[in-house]
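Report on the structure given below.
The values are calculated or read from the model by the stated rules, or taken from the named source; none is laboratory data. All of these numbers come straight from a predicted model, not from anything done at the bench. Cβ placement follows ideal geometry from the backbone for every residue including glycine, while neighbour counts extend to all protein chains displayed.
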Amino acid sequence: MIKIIALAVVLLLAIILIYAASKPDKFHVERSIDIKAPPEKIFGLINDFRQWDAWTPYNKDPAMKKTYSANTIGKGAHYAWEGNKEVGQGEIAITDTTPPKEIEMELHMIKPFEGRNHVVFSIDAAGSGTQVTWVLEDQHTYFLKVLSMFINMDKMIGNDFETGLARLKVAAEK
């Protein structure tokens, strides 16, 4: 009986690992919101790391240590943080900007899991307002492919994006 159970466990594990290997190598999360504010105002709130406190969903640790580069605005700006298990440790840098339409960033998560992600904020005038789209793209490691079978990463990260975009809307519409 123990041999049958052990064989079933090994077979189930093999199926999980094989299925995980077949999952896509790229990971993509995207959320959008319409904001009644000009693109220039929204661009300024995103393009300056010192403005992020007004809207980011990731300030979940009041004791979080934050470090900013000398220049916090635009291409080359850098921001690092270290906090509790909810925020972990990481750094983000603005790699390119096209005012007032787009901001590209590289996100380096150190804890709880090592990861490097490409982040893009697209800001498009839409009628009397502006549509803001927040995108995160990642190369899925094999570990993340397995993990994503048990945790809906799109929903988890997407919920944070929705919260951040809602806060950005409030900040920009003031």
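Quick notes on this structure:
- With respect to the conditions (1) over 20 Å from residue 166 (Cβ atoms); (2) in contact with a helix residue (DSSP H, G or I) (Cβ under 9 Å, 6 or more places away or on another chain), residue 116 falls short on a single one, namely (2).
- Considering 69, 32, the condition of being closer than 15 Å to residue 164 by Cβ and in contact with a strand residue (DSSP E or B) (Cβ under 6 Å, 6 or more places away or on another chain) is satisfied by 32 alone.
- Within segment 134-170, the set of residues being modelled with pLDDT of 95 or more, over 16 Å from the mean Cα position of the chain (by Cα) and crowded, with 18+ Cβ neighbours inside 10 Å comprises just one member, 169.
- Any hit, segment 101-117, residues being surrounded by 13 or more Cβ atoms within 10 Å (Cβ to Cβ), closer than 21 Å to residue 168 by Cα and out of contact with any strand residue (DSSP E or B) (no Cβ under 8 Å at 6 or more places or on another chain): no
- All positions within segment 97-125 that are acidic (Asp, Glu) and under 20 Å from residue 31 (Cα atoms): 102, 104, 106, 124
- Residue in segment 79-97 that is exposed (fewer than 15 other Cβ atoms within 10 Å of the Cβ), among the acidic types (Asp, Glu), touching a Lys or Arg at 6+ places or on another chain (Cβ under 9 Å) and at pLDDT 95 or above present: yes
- Output for segment 59-85, where each listed residue is part of a strand (DSSP E or B), closer than 22 Å to residue 116 by Cβ and not polar (S, T, N, Q): 65, 66, 68, 78, 79, 80, 81, 82
- Note on segment 35-63: residues that are surrounded by fewer than 17 Cβ atoms within 10 Å (Cβ to Cβ), of a type in the set (A, V, I, L, M) and in contact with a strand residue (DSSP E or B) (Cβ under 8 Å, 6 or more places away or on another chain) amount to 0.
- Residue 154 vs. criteria acidic (Asp, Glu) and touching a helix residue (DSSP H, G or I) at 6+ places or on another chain (Cβ under 9 Å): no
- Search result, residues across segment 23-50 that are closer than 16 Å to residue 132 by Cα and outside any strand (DSSP E or B): 36, 37, 38, 39, 40, 41, 42, 43, 44, 45, 46, 47
- Here 56, 133 are screened, and the one residue that is within 20 Å of residue 168 (Cβ to Cβ), of a type in the set (Ser, Thr, Tyr) and part of a loop (DSSP other than H, G, I, E, B) is 56.
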